[in-house]
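What follows is calculated from the coordinates using simple rules that are stated; it is not laboratory data. These numbers come from a predicted model, not from an experiment. We place every Cβ from the backbone using ideal geometry, glycine too, and count neighbours over all the protein chains shown.
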Amino acid sequence: MTITPAKHIDFPLTGLEEPLSEMEQSVQDAAHRFAENVMRPAGAKLDRLSAEALVAPGSDLWNVLQQSAGLGLTMTTLLELPALERARLMMIASEELAWGDGGLAGAILVNNFPGMYSAIAGRMDMVAYCEGKPGCWGITEPDHGSDMLDADGVLQAADGAYGRPNCVARIDGDKVVINGQKAAWVSGAVTAEVCALYTHVEIDGKARPGLVIIVPLDLPGVTRGKPLEKLGLRGLNQGELYFENVVVPLSNVIAGPDNYADMVYHTLAEANVHVGCTAVGIARAAYEHALAYAHTRRAGGKKIAQHQQVQHRLFHMFRKVEAARALVRRVATYNATAPLPALQGSAAAKVNATQTAFEVASEALQIFGGNGMSLEYPMEKLLRDARAMLIADGCNEVLAMKGGSLLVNPELL
């Protein structure tokens, strides 16, 4: 009896992908080359540095950020494209960059957040102002983490209260005066020149949500804390921002109290998809490392890729990566074309992709065995990066509650 060997398929970079357009293929190829040749070696090196050394002049971080501009994926350029085409290109490029290094991909992404959120608000003048300036997103506070994402208070306990905000703005004529602090988790805080600041605002002597305002970080009264030492995504600097009577033109406000909750909704619907896409890139990197290692490592007299248990692990890793990518891209394209983006969909994409990344990275490390624990191999770093994603951009527990609340139809209650 003749036994036909299993058929092996060399998939495109992103697996079970329909044919890309000429532009999409060009963007994917350019992003992949940059991720492989620049981001991976830089990310491995930066991961071993202290947080202060990472942001110091001459660090490879600055070289990566500078070279990333050469990809040409600026907000102004992307906004010239039809919404569906823009969404697909951003997902394709973001996955490749995260495949290269999750932390550095995050650093590149947050640089664009002030311009991205200005575009959501319809403020093209502020998009132009933010163009080319390293950016950050200031929302979490020392006493307020993921609850800052619940601007309308739907998750608040019946007997609960938000408590005292740590950062409050006051409108004074044609100026906004800001006082307070944003927490050490402001992504890009140490390297940013401009911040998309989400803050409470004082009205009739009481602080309430809120304002979204573009704040230049070279203004008098702005100071920064030390960069945070942390477990994973170390290529993404995070730190505190302090504001002491910082005066910003009122024209920099892109959302006020009347539409603050709506702006937070749209912000999170956009950001969650990007974080989910980053997680897919990390998961894919872990899977590909494990797949390659299984074809070289010998145990039990043969390469471990021939062991059924290893094949079983690889299959479920492959399955999870493909499913996570499919949901992320499905939500991205839906939100790009729907009258109202679905935050419950964005939260589902982020929660699913980040959970997938952690599970796949853990399984990949297991295939490496003891070598996976060694600093000589990339697995322990990928596991640390994947673990951080479960908290980034809103912890998964709060996002699940937020998404669940949006599934309830109040007209049926």
Exposure proxy check on Thr333, Thr223: fewest-to-most Cβ neighbours within 10 Å is Thr223, Thr333
Could you tell me what a quarter of the Cα convex hull surface of the range 186-333 works out to, in nm² with one decimal place?
12.9
Debye, to nearest 20: dipole size of the range 135-258, +1 on Lys, Arg Cβ, -1 on Asp, Glu Cβ:
360
GluC sites (Glu not before Pro) within the range 374-413, DSSP loop, no more than 10 other Cβ atoms inside 10 Å
Glu376
Nearest-0.05 FRET efficiency for Ser21 and Ser251, computed from C-beta distance (R0 51 Å)
0.85
Taking trypsin sites (Lys or Arg not before Pro) as exposed when in a DSSP loop with at most 11 other Cβ atoms inside 10 Å, the chain has its longest clean stretch at 49-413
Relative contact order of the range 135-258, defined on C-alpha pairs under 8 angstrom at six or more residues apart (%):
31
What does a probe at Asp152 reach in the range 258-277, counting residues whose amide N is under 18 Å from the point 7 Å along Cα→Cβ?
258-272
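Provide the percentage of antiparallel DSSP beta bridges, counting only those with both residues in the range 123-264; round to the nearest 5.
Counting only bridges with both partners in the range 123-264, antiparallel ones make up about 80 percent.
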Dipole magnitude of the chain about its Cα centre (Cβ charges: Lys, Arg +1; Asp, Glu -1), debye to nearest 20
1420
From the cross-link list Lys226/Lys381; Lys175/Lys230; Lys45/Lys226, the entries with a Cα-Cα span beyond 26 Å are Lys175/Lys230
Ranked from fewest to most other Cβ atoms within 10 Å of their own Cβ, Tyr117, Tyr334 fall in the order Tyr334, Tyr117
Antiparallel versus total DSSP beta bridges in the chain: what percent is that, nearest 5?
80
Can you tell me the FRET efficiency between Asn37 and His295 if r is taken as the Cβ-Cβ distance and R0 is 35 Å, rounded to the nearest 0.05?
0.95
Point-to-point label distance, Lys302-Arg330, nm (Cα→Cβ direction, 7 Å offset):
3.7
In order over the range 267-273: 3J(HN,Hα) from phi, Karplus 6.51/-1.76/1.60, θ = phi - 60°, whole Hz, x for each Gly or Pro, gives 4, 5, 4, 7, 5, 4, 5
Qualifying GluC sites (Glu not before Pro) in the range 1-96, DSSP loop, other Cβ atoms within 10 Å at most 12
Glu80
The residues Thr337, Thr356, sorted from fewest to most surrounding Cβ atoms within 10 Å, come out as Thr337, Thr356
Full extension between Asp172 and Ala56 adds, at 0.36 nm per residue less the Cα distance, a length in nm of 38.1 nm
Candidates Ser94, Ser362, Ser26: whichever shows maximal mean-square fluctuation once the chain is modelled as a Gaussian network with Cα springs under 10 Å:
Ser26
